1. Cα axis of helix 123-152 to longest principal axis of the chain: angle in degrees, 0 to 90, nearest 10?
2. Using the Cα gyration tensor of the stretch 85-172, with a ≥ b ≥ c the square roots of its eigenvalues, what is the shape: rounded (a/c below 1.5), prolate (a/b larger than b/c) or oblate (neither)?
3. Per residue of the stretch 32-42, what does 6.51 cos²θ - 1.76 cosθ + 1.60 with θ = phi - 60° give for ³J(HN,Hα)? Whole Hz please, x for Gly and Pro, Karplus curve as stated.
4. Over the chain, with a Gaussian network built from C-alpha contacts below 10 Å, which listed residue (Leu152, Leu52, Leu21) shows the highest mean-square fluctuation?
5. Give the calculated FRET efficiency between Ala46 and Glu148 to the nearest 0.05, with a Förster radius of 22 Å applied to their Cβ-Cβ distance.
6. May I ask you to list the lysines whose Cα is less than 24 Å away from that of Lys112, ignoring any residue fewer than eight positions away on the same chain?
7. Percent of alpha carbon pairs in the stretch 61-108 separated by more than 15 Å?
8. Given the DSSP H assignment, sum -39500 (n - 2.57) over each helix run of at least 4 residues in the chain and divide by its residue total; what's the result at 222 nm in deg cm²/dmol, nearest 500?
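We did not get these values from a lab; they are worked out from the coordinates using the rules stated. Note that the coordinates shown come from a computational prediction; the quantities given were computed from them, not determined experimentally. Cβ placement follows ideal geometry from the backbone for every residue including glycine, while neighbour counts extend to all protein chains displayed.
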Amino acid sequence: MKDLLRTNTSLTEGIEQILNLQAKIESDASNKYLAMAAWLDRNGYANTAEYLYKQAEEEREHFLKVFKYITDMGGIAITPSVSEVQQEFASFREVFEIALQNEIAVTKAVNKVIAKCRAENDYATEDFMMWYVSEQREEEKNARRALELFELINENEATGKFALDVQIAKIG
């Protein structure tokens, strides 16, 4: 059946595979943010927990956007398995250090999809992926801003953690 479907799509097998990988990366990002939000909630950071719950939902939307694109183009979208994600963090700051590293990894993955599109002359998929380029620029900026706030606000002062909880939630 796959061969019959393949004749009804402009997606090459390589593009379909890398898009399914990107969908998995976006799904994993959602789950990572969900775990971070839960940790923040458990540790009394209600504002930043809510911020990361929203980030988790946004990443899920990114996943669905790729997933739906594959099916809209006549490809076979593969529902990703749920990967094990980190549940515990050493500190409030570590959550945001990991978040920035995750966003950088997603950006690199997006770049790989676009490079593959260019190599295979798939301009429609490249055009579709350009939205992710802009989105990742914003996501990295916001993650960096959260870490900058740790430099500006001393979390070890009496009200530092509270101030960080309030200010980080205002990003984006």
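1. Helix 123-152 and the main axis of the chain meet at about 10 degrees.
2. Prolate, because a/c is 1.5 or more and a/b exceeds b/c.
3. Working through the residues one at a time gives 5, 5, 4, 5, 5, 4, 5, 4, 4, 4, 4 Hz.
4. Leu152
5. E(calc), rounded to 0.05, equals 0.55.
6. Lys24, Lys32, Lys65, Lys68, Lys141
7. 64
8. -26500 deg cm²/dmol
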